[in-house]
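Report on the following structure.
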Amino acid sequence: MSYEMIEFTRDAGVAKIRLNRPKALNALCNDMMAEVAQVLGELERDDAIGCVILTGSDKAFAAGADIKEMQENQYLDIYQNDPFNTYHEAIERFRKPIIAAVSGYALGGGCEIAMMCDFIIAADNAKFGQPEITLAVMPGIGGTQRLTRAVGKSLAMDLCLTGRMMDAEEALRSGLVARVVPLDELQDTVEEAARKIASMSLPIAMMTKETINVAFETTLTQGIRFERRLFQSMFSTEDQSEGMTAFIEKRQPHFKNK
Ligand code: CAA
């Protein structure tokens, strides 16, 4: 399958999706996001893939939703088509681990799709922001909600109301990103993390992701109950038995994703 606006590569258990509209700083037009959604659908069904990386260019992860595409929209155009739900949120619905490797601008929708990933590893040149207010709109792909949960009310208000950019160090300090590395080490660092994740039992990794995400949707008591049920269910897998046996036998485990 060939794509026009993304590059897709895979190596062993890791797939990489690279947003590739350099002239538009990877602005998230609907056609590009339809390609992302299509690839993710295929990767979801591909048993060989254990982790996905979403990345952009050195200059821009993505500079936002495509302003030129949105400019002429009327309410009913975006209400009835709802491209954010159809395409962009395929990232949120993706059930396997997915890491955002962010260098350069991650603004507006770019920041929002990075936040839909399970975690963000950023290059030291990364710049995050929700500048939509400067266009007289606000974040529309979850930014007001996910950013607030990630960094807290005060900083989310600051970023969304002033539209200012936040550099990688501030993003690390505020908990938006998991790690910051020099730009020339970003791809190797993320690939290493992705390979590590892909070497784990896939169903266990998926259940771990699902359970952490429940923390954003529920009370502590309900979340802990959900965790306990899935933890117990893991004892029905061959991989749990293999993982613990391998530890006791002082050898590497061989997971079968069963
Ligand atoms: N949509 C469409 N095109 C964009 C774009 C976007 N979000 N961001 C950049 N581009 C285009 C520019 O129009 C320009 O195209 P032309 O060469 O045809 O003029 C090209 O990319 C390069 O951009 P600049 O010349 O502006 O590059 P720069 O290095 O001077 O500035 C920047 C970089 C600061 C990121 C600047 O491009 C910028 O401010 N971009 C817009 C950022 C923004 O407002 N994002 C939010 C979008 S709205 C949104 O995302 C809503 C939502 O939540 C759903």
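The values are calculated or read from the model by the stated rules, or taken from the named source; none is laboratory data. The shown structure was predicted, so the numbers you read here are calculated from the model rather than taken from an experiment. Cβ sites come from the backbone with ideal geometry, for glycine too, and all protein chains shown count toward neighbours. Side chains are part of the model used for accessible areas, which takes the heavy atoms of the whole protein and leaves out ligands, DNA and RNA. Shrake-Rupley method; radii C 1.70, N 1.55, O 1.52, S 1.80 Å.
Quick look at the numbers
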item	result
Of all accessible heavy-atom area on the chain, the percent that carbon and sulfur account for (1.4 Å)	54 percent
Probe 1.4 Å, accessible area per residue of the chain, Å²	55 Å²
Length-normalised contact order for the chain - Cα pairs under 8 Å, 6+ apart - percent	16 percent
Extension gain, ASN81 back to LEU230 (0.36 nm per residue minus Cα-Cα distance, nm)	50.0 nm
Long-range HN-HN contacts of ASN125 with modeled amide H, under 5 Å	GLY104, LEU183
Shape call, segment 76-174: gyration tensor on alpha carbons, a/c limit 1.5	oblate
Segment 1-91: relative contact order as a whole-number percent, Cα under 8 Å and 6+ apart	35 percent
Solvent-accessible ranking of MET1, MET165, MET33, largest area first, probe 1.4 Å	MET1, MET165, MET33
Inter-label distance for GLU44 and SER241, nm, one decimal - labels placed 7 Å from Cα along Cα-to-Cβ	3.1 nm
Whichever aspartates and glutamates have a C-alpha closer than 14 Å to that of LYS23, once near sequence neighbours (fewer than 8 apart) are set aside	GLU4, ASP58, ASP66
Rounded to 5, the percent of DSSP beta bridges in segment 87-165 classed as antiparallel	10 percent
Residue-count net charge about ALA12 - beta-carbon cut-off 11 Å; Lys, Arg +1, Asp, Glu -1	0
Loop trypsin sites (Lys or Arg not before Pro), segment 135-231 (other Cβ atoms within 10 Å of the site Cβ: 16 or fewer; DSSP)	ARG164
Computed label-point distance, nm, for sites GLU170 and THR219 using a 7 Å Cα→Cβ extension	3.7 nm
Accessible surface of VAL36 - all protein chains present, 1.4 Å probe, nearest 10 Å²	0 Å²
Partner lysines for LYS196 [C-alpha distance under 21 Å; skip if fewer than 8 residues away on the same chain]	LYS16, LYS96, LYS209, LYS250, LYS256, LYS258
Residues whose placed amide H lies under 5 Å from that of GLU89, excluding near-sequence neighbours	none
C-alpha long axis of helix 30-45 to longest principal axis of the chain, angle in °	10 degrees
Segment 1-68: GluC sites (Glu not before Pro) in DSSP loop, at most 15 other beta carbons within 10 Å	GLU4
Within segment 1-156, percent of DSSP bridges classed antiparallel, to nearest 5	25 percent
Over the chain: helical MRE at 222 nm, DSSP H runs n ≥ 4 each giving -39500 (n - 2.57), nearest 500	-13000 deg cm²/dmol
